[in-house]
Amino acid sequence: MSTAQAPERINEAPVRGVATLVSAIVAAAITLAALLRAPWIAGSAAAALCADFCLRAAGRAELSPLAGLSRRLQGSAFRFKKRMITARSKRFAAGIGALMTALAGASWLLGRIAPLYGFLSVLLLFSFLEAAFRFCAGCKMFALLVRLGLLREDVCYDCVFPGGEGI
């Protein structure tokens, strides 16, 4: 007989702060790159964000510069309500962010500027939705994979059970 281990929980407030920072960085990078006709600005931002997303997807948020900055800004610049959520879905979402920024960076390296802006625009949309409305598209995708049986039910209580906090 195995005992179920409680899923790791994290505070959602710094996560939403990170989404706010990502939105600001991507919006600034796209705007500057377009205005200055310097796609290297957007490509460089994509590379830096990819590294940060990879750290958070690997469960090493303590090494993430954006997560650290978000925690320091909680209570002053960011006033998101503390809410404990399952970490697994947020790591999955960070993995999607890593993929999107990697694809953006690869597009830039290959000289494909339209896809660079396209991938960053999608990232901007989803990070804005997380920051402003607590809507995490990656978390919704994670929940769908759990419901379809592609991931084990026990990996995310919040995704599956109505009594969970929900995502």
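A short reminder: the numbers here are calculations on the coordinates, not readings from a lab. Worth saying up front: this structure is predicted, and the values here are computed from it rather than measured. FYI the Cβ positions are ideal-geometry reconstructions off the backbone, even for glycines, and counts take in every protein chain you see.
Structure above, values below:
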read-out	value
Cβ pairs under 8 Å, 6+ apart, first in the range 77-99 and more than 16 Å from residue 126 (Cβ to Cβ), second of a type in the set (Ser, Thr, Tyr)	78/20; 78/70; 86/157
Residue within the range 57-68 that is among the polar types (S, T, N, Q) and outside any loop (DSSP other than H, G, I, E, B) present	no
Options 36, 69, 21, 63: the member that is in contact (Cβ under 8 Å) with a residue 12 or more places away in the chain and either in contact with a helix residue (DSSP H, G or I) (Cβ under 6 Å, 6 or more places away or on another chain) or exposed (fewer than 14 other Cβ atoms within 10 Å of the Cβ) (or both)	21
Matching residues in the range 24-33 - criterion: being surrounded by 22 or more Cβ atoms within 10 Å (Cβ to Cβ) and not β-branched (Val, Ile, Thr)	29, 33
Single unsatisfied condition, residue 53 versus (1) surrounded by fewer than 21 Cβ atoms within 10 Å (Cβ to Cβ); (2) part of a helix (DSSP H, G or I); (3) out of contact with any Leu (no Cβ under 7 Å at 6 or more places or on another chain)	(1)
Test: residue in the range 114-124 that is under 14 Å from residue 47 (Cβ atoms) and either loosely packed, with under 15 Cβ neighbours inside 10 Å or among the hydroxyl-bearing types (Ser, Thr, Tyr) (or both)	no
Pick from the range 98-148, criterion assigned to a helix (DSSP H, G or I) and of a type in the set (Phe, Trp, Tyr), ranking: nearest to residue 17 (Cα to Cα)	128
